[in-house]
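The values are calculated or read from the model by the stated rules, or taken from the named source; none is laboratory data. Model, not experiment: these values are computed from the prediction. Cβ sites come from the backbone with ideal geometry, for glycine too, and all protein chains shown count toward neighbours.
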Amino acid sequence: MPLLRSLISGLVLAFAGSRANISRTILSCAGIVVGVGALIAVVTAGHFGQTYAKVYGEANGGIAATYEVTAPTPLKDVGAFEEDMLRAGGEAVALQQMVDSPAIQLRQGASVLTDATVFYTDPALADIRRLNMIEGRWFTEADKGSLAPVVVLTEKLAKQLDSSGGYADLELGSSAWQRARVVGVVEDTMMDDWSGSGTVYLMRSPVSEEIAFPDGLDAPSGMGMGLTYRVRVAPDGTPGEDEFTERLAGNSWRWGPEADTETMGVFRMDESEEIDQVLGYVSLGLFGIAGITLTTGMLGVLNVGLVTVRERRRELATYRALGADRFTMFVVVVSEAVVVSVVAGLIALLGCYGIAGVLQALVGDMLPADVSVSVPLQGVLVGLGSAAAVGLLAGIIPAWRALRTSVVAGLRE
C-alpha cells in the first residue's frame, strides 16, 4: 500500500507540474510529435506497401506460389497433362490461353470490337489469382452446361459496351456470331490487358471451344505453340520449379508419342518473396530515419527535464520536507516526462489519422479493392509505446538529479 500510495501521489504531482508549466510542456512535445509521427508514418507506409504489393501481385501474378506452365509440343492428350500437373504438386490448375484476337471479336448491335484481348480459361483460375469482381461473379462448374459461351469482362472493356439488359445483345465470333452470356465484370489487371482495349475471359466449355479452337484444343501445340497454364502449389513454393518440372516430365509418355519436354517451361509468376525483401530493406531505412528523429526528441525532453529540475529545486525540496519519500519524488519527475511524451504521441497519432484520411479521400478510388490508406493497429501501438518509452528514458536522469538535491539547500533558495 505505501508503494501504491507513493505511485499515485507522484502521478498527481506530475500532472499538476505539467499543467503549471504549459510553455515548457509544449516545447518538450515538439520533438516527440515529429519523431512519433515519423514512426507511425513509417509503420503506416509499410503496411500500405505490403498490402498493395500483395493485392497487386495476387491479381497479376497469382497467389503464392504460382507457376506459369507452358505445355510441351505437340500435345495430344491435354487431359492427361492437366492431371499430371496436379500429381506433380499442383494444388489448383487453370488454363489461361490467349486466343488470336481476329478469331474472336465482340459485337454489340452495329458496333464491332476487334482489338480486345481474349483469354480462354477455367473456373479454377479464381483459386489461383485474386479476381476482384465489380459486378456479378466468376465462372462456376455449372456454367459448363450453358448452351451459350459464358464470359467475364474487365472493367475497361465493359465501359465500352452498353450494359443495359445485362449485355444481353453481346455476341462473339468473326464470320459467324453467337450470343454470349455475361456473368460478371472484373477489375482490370496489367498482366492480361495486352491490347490496351480491355479483356474478355471466355470460359472453357464445349460450346466456347468450338469458337476459340475449332480444330480442337490440341491444335495450337501442333503448330509449335504450347498451351499456357497457371498452377498454384504450396505457399512456401514447394515443389520448386526444377523439382516440379522433373516430376511433370516423368509422365511425358502419357501426353503423346511426340511430346517434347524440352519445349515445356515452368516459371514462378508471383513475386511475394522479392516484394517482401524489398519492403524489408525500405522499412529498415525508414525506421532508421524515424529512430534518429525520435532520439532527437528524447534529447529535447531530457534537456527540458534537467532545466525543470534545476528550476524547481525549492518546490521539490518542499515536497520532501512535507513528507514525500524519495520514490514519490522519483515518480514525479519521471511521470512528468512520460506524460509529456504520451501527450505528444497522441497529438502525432491524431495528425497521422488526419493525413491518412485526406490521402484516402484523394486516391481511394484509384486503389485496388481491399487496399486503403489507414493507420494500422500496430502503428498505434508502436507510436504510443515508443512515446511512453522515450518519456521514461528521458525522465530517469532528471529524476536521479532530483533525488541528489539536498532538502536544506533547496529550501534556502
Report summary line: Of all strands (runs of 3 or more DSSP E) fully inside the range 158-220, the set with 1 or more residues that are at pLDDT 80 or above and under 32 Å from the mean Cα position of the chain (by Cα) is 181-186, 199-203
Requested in this report: With respect to residue 55, determine if the residue is outside the structural domain of residue 192 (by TED's automatic domain parsing) and either within 28 Å of residue 370 (Cβ to Cβ) or buried (at least 23 other Cβ atoms within 10 Å of the Cβ) (or both).
Outcome: yes
Query raised in the report: Assuming residue 105 fulfils every condition listed in (1) in contact (Cβ under 8 Å) with a residue 60 or more places away in the chain; (2) in contact with a Gly (Cβ under 6 Å, 6 or more places away or on another chain) apart from one, which condition is it?
Result: (2)
Report summary line: Restricting the range 63-95 to residues that are of a type in the set (Ser, Thr, Tyr) and within 19 Å of residue 213 (Cβ to Cβ), the one modelled with the highest pLDDT turns out to be 70
Query raised in the report: Taking strands (runs of 3 or more DSSP E) that fall entirely within the range 66-121, which contain at least 1 residues that are closer than 17 Å to residue 158 by Cβ and either hydrophobic (A, V, I, L, M, F, W, C) or in contact with a strand residue (DSSP E or B) (Cβ under 7 Å, 6 or more places away or on another chain) (or both)?
Result: 105-108, 111-113, 117-121
Query raised in the report: Among 73, 44, which is in contact with a helix residue (DSSP H, G or I) (Cβ under 6 Å, 6 or more places away or on another chain) and either in the same structural domain as residue 252 (by TED's automatic domain parsing) or within 17 Å of residue 244 (Cα to Cα) (or both)?
Result: 73
Report summary line: All-but-one check, residue 142 against (1) surrounded by 14 or more Cβ atoms within 10 Å (Cβ to Cβ); (2) in a helix (DSSP H, G or I); (3) modelled with pLDDT of 90 or more; (4) not acidic (Asp, Glu), failing number (1)
Query raised in the report: Restricting attention to the range 360-387, and to residues there that are assigned to a loop (DSSP other than H, G, I, E, B) and out of contact with any Asp or Glu (no Cβ under 7 Å at 6 or more places or on another chain), which single residue is surrounded by the fewest Cβ atoms within 10 Å (Cβ to Cβ)?
Result: 370
**Report entry** Failed item, numbered, when residue 130 is tested on (1) in contact (Cβ under 8 Å) with a residue 40 or more places away in the chain; (2) surrounded by 17 or more Cβ atoms within 10 Å (Cβ to Cβ); (3) not in a loop (DSSP other than H, G, I, E, B)
**Finding:** (3)
Requested in this report: Pairs only if they're at least six apart or on different chains, beta carbon under 8 angstrom, first in the range 160-172 and more than 18 Å from residue 115 (Cβ to Cβ) and in the same structural domain as residue 183 (by TED's automatic domain parsing), second of a type outside the set (D, E, K, R) and surrounded by fewer than 14 Cβ atoms within 10 Å (Cβ to Cβ); list them, first residue then second.
Outcome: 162/109; 169/109
